[in-house]
Each structure stands twice: as structure tokens, then as C-alpha cells.
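Laboratory data are not the source of any read-out in this text; all were calculated from the coordinates shown. All of these numbers come straight from a predicted model, not from anything done at the bench. Counting neighbours? That spans all protein chains shown, and the Cβs are built from the backbone with ideal geometry, glycine included.
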Amino acid sequence: MNIILLGPPGAGKGTQAKMLQDMFNLAKLSTGDMLRAEVSEGTPLGKKVQDIMTRGELVPDDIIIAMIRERIKEDDCKNGFILDGFPRTVAQAEALDKMLAAEKASLDYVVELKVDDAALVKRITGRFSCGKCGAGYHETFSPPKQAGICDACGSSEFVRRKDDSEETVVNRLKAYHAQTAPLLPYYTQKGILLSVDGMLDISMVSKQLEAIIGKKQPAAASARK
Ligand code: AP5
């Protein structure tokens, strides 16, 4: 089963993708995480993209498409994958269609997480994660059970993303509306776009997704047609 989670920055794509990954045994492919790994390792690709990301602009399509083309060939994608943050332009969506066709695979769901812009700034500026295991948190909406201690690994080292400042969020939202929102009519036309109310709390959003995706489970063998 192959799924795209679409939505603006801070909509909850990463949070929900992680939950779906655990629930349905799917690979979680986040282009943002892949790019951040390149930046933190100081690779030539990381050096090329770090300023673009800090400004909140989109990384060029050719870089992203090449990254995903390689990634979906890996073994953990055989049972299907959840795309978090990709595609983000119509050119990326068209490239994905071609990649999937070449693998005789297809998309089962494209799910939009609908969240008002006003709520996104609070979500993004309150976000932090464990510096050791990467578990994600929010100061208000999803704090660790014990303040200052990661629920997952017990570490007390937390980090924040460089692009999670209020100024950069404005640019990220502009990029979403100008370059990514056109994917909504793109997938509507294909008849595979569904929307969930991303304004609800994390567990309620997850329940909506589970209801949609769970129905497809008996046909999971269709992940690679
Ligand atoms: P990327 O890492 O993809 O960031 P993004 O799309 O801006 O999305 P976020 O990770 O900020 O938000 P999210 O929707 O995953 O929300 P989350 O679950 O964390 O991209 C970063 C940069 O990389 C881009 O700006 C670009 O430069 C580059 N890039 C990446 N992919 C690219 C591509 N394909 N093409 C070109 N460039 C690309 O939730 C946010 C917070 O809210 C968390 O703290 C969470 O706990 C909380 N939260 C989640 N859900 C809820 C809820 N329902 N209620 C309350 N709080 C919630």
C-alpha cells in the first residue's frame, strides 16, 4: 500500500506518518528528514541545500526526484510506503507517477491534512525532538510524559529545527500555497484525494486516517501490482 500525506508545514504529516508506519508496517519516507540528514553529515548535497531550507524555500525538483527514485527501490519499501513531504510540486508528482508505473506500482491514497494557517505557526514554533532517537514532541500538544526526559529513550537532549522560526514559517507557508497546493486538484482529478480534519487532536486525526486506510488492509497485496 502506497500513501501520500499532503498538507502544509506543521499539519502533522510527520506525526501521523510515524503512527501509520507502526500500524501498517509501511516505510516512512520523509524528504525533509533525508535532506536534514545530508545537512547534518555535511555532504556536498547537504551543503547545497542548507541555505535553501533555512530560508524556507523548496529544494530543486531534480535533487528531490533523484533522492526518492533511489529510496523507493530499497527493501523496506516492498510492503509499501508513506510519503511525507513529497511530492511538493506538480513536476515531482508527475515524476512519481512515472517511477511507480515503471515499478508496476500505484498510489492507494493521497490524504490531505486540512489545517488552518493560523494554527500552523503555533504547532511549528512549539515543536522539538529528541536529539538522540528523534522522537517528536510539542510544548503544548504533545509534551514528554516526564518534563525534560524523552519517553522513547530516556535522553534529556532535545533539539529544534533551524527552519522552525516564525519568520521562516511564513516563507514555508508561501511555498506551500504557491507550489504544493496545486497538487490538490492534480490528485482530485485522478480520483484518489481524500481529506481529513487536521485541526483535531493528534489521536483523533490518527483515528480518521486509520478508518480510511484500515479499510484497504485486506487488499494490502495490491501494494505492488
Ligand atoms: P519538511 O521536513 O517536509 O517540513 P514541512 O513540510 O514544512 O513539514 P513539517 O515537518 O514542518 O510539518 P509536519 O506536517 O510533518 O508536522 P509535524 O507532524 O512535525 O521540509 C523541510 C524543508 O525541506 C522544506 O522547507 C524544503 O526546503 C525541503 N524539502 C523537503 N521536502 C521537499 C520536497 N519534496 N521538495 C522540495 N523541498 C523539500 O507536526 C508539527 C508539530 O505539531 C509537532 O510538534 C506535533 O507534535 C504537533 N502536532 C501534530 N499534529 C497535531 C495535532 N493534530 N494537534 C496539535 N498538534 C499537533
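Please report, in whole Å³, the volume per residue of the convex hull around the C-alpha atoms of the range 21-87.
Details: hull volume 6.4 nm³, N = 67.
Given the Cα convex hull of the range 21-87, per-residue volume reads 95 Å³.
Could you check what % of the DSSP bridge pairs in the chain are antiparallel, to the nearest 5? Don't jump to the answer; show the numbers that get you there.
On the way: 7 of 23 bridges.
In the chain, DSSP labels about 30 percent of beta bridges as antiparallel.
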Fill in: Diffusion coefficient, µm² s⁻¹, Stokes-Einstein with Kirkwood Rh over alpha-carbon pairs of the range 48-134 at 10 °C and 1.306 mPa s
102 µm²/s
Worksheet, complete the sentence: If amide H atoms are modeled at 1.01 Å from N in the peptide plane, then the residues at a separation of 5 or more from Ile4, or on another chain, having amide H under 5 Å from its own are Leu83, Tyr109, Val110, Val111
Practice prompt. Would you mind estimating how fast the range 76-209 diffuses translationally, via Stokes-Einstein at 20 °C and 1.002 mPa s with the Kirkwood radius over Cα pairs, in µm²/s?
Written response: 125 µm²/s
Worksheet, complete the sentence: Under the 7 Å Cα-to-Cβ spin-label approximation, Phe158 and Asp201 lie apart by a distance in nanometres of 1.9 nm
Item to complete: Identify unpaired cysteines across the chain, taking unpaired to mean no other cysteine Cβ lies under 4.7 Å from the residue's Cβ.
Response: Cys77
Discussion item. Per residue of the range 91-104, what does 6.51 cos²θ - 1.76 cosθ + 1.60 with θ = phi - 60° give for ³J(HN,Hα)? Whole Hz please, x for Gly and Pro, Karplus curve as stated.
Written reply: 4, 5, 5, 5, 5, 4, 3, 5, 4, 5, 4, 5, 8, 6
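Pairs Lys73/Lys207; Lys13/Lys48; Lys98/Lys207; Lys122/Lys145; Lys98/Lys122; Lys122/Lys174: which are spaced more than 27 Å apart, C-alpha to C-alpha? Mind dumping the intermediate values first?
Working: Lys73/Lys207 30 Å; Lys13/Lys48 25 Å; Lys98/Lys207 32 Å; Lys122/Lys145 20 Å; Lys98/Lys122 37 Å; Lys122/Lys174 16 Å.
Going by Cα-Cα distance, Lys73/Lys207; Lys98/Lys207; Lys98/Lys122 fall outside the 27 Å limit.
Tell me the mean residue ellipticity at 222 nm calculated for the chain from its helices only (DSSP H runs of n ≥ 4, each -39500 (n - 2.57), averaged over every residue, nearest 500). Don't jump to the answer; show the numbers that get you there.
Values: 9 runs with 99 residues, N = 225.
After summing the helix terms and dividing by residue count, I get -13500 deg cm²/dmol.
Just to check, using Stokes-Einstein with a Kirkwood Rh over alpha carbon pairs, what's the diffusion coefficient of the chain at 4 °C and 1.567 mPa s in µm²/s? Can you show the working numbers first?
Values: Rh = 18.1 Å.
Translational diffusion coefficient: 72 µm²/s.
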Discussion item. Report the Cα centroid-to-centroid distance between the range 50-93 and the range 158-205 in angstrom, as an integer.
Written reply: 15 Å
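Taking neighbour counts of Cβ atoms within 10 Å as a proxy for exposure, in what order, fewest first, do Glu157, Glu41 appear? Could the numbers behind the result be given before it?
Values: Glu157 12, Glu41 9.
Starting with the residue having the fewest Cβ neighbours, the order is Glu41, Glu157.
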Worksheet entry | Val90 paired with Ala118, simple spin-label distance in nm, labels 7 Å along Cα-to-beta-carbon | 3.2 nm
Worksheet item: Which ³J(HN,Hα) values, rounded to whole Hz and listed in residue order, are derived for the range 75-88 from phi using the Karplus coefficients 6.51, -1.76 and 1.60 in 6.51 cos²θ - 1.76 cosθ + 1.60 with θ = phi - 60°, glycine and proline given as x?
Response: 4, 5, 8, 5, 7, x, 8, 10, 8, 10, x, 9, x, 10
Practice prompt. Would you kindly derive the ³J(HN,Hα) couplings of the range 108-116 from the backbone phi angles with the Karplus curve 6.51 cos²θ - 1.76 cosθ + 1.60 (θ = phi - 60°), listing them in order in whole Hz, with x for Gly and Pro?
Written response: 8, 9, 10, 10, 8, 9, 8, 9, 5
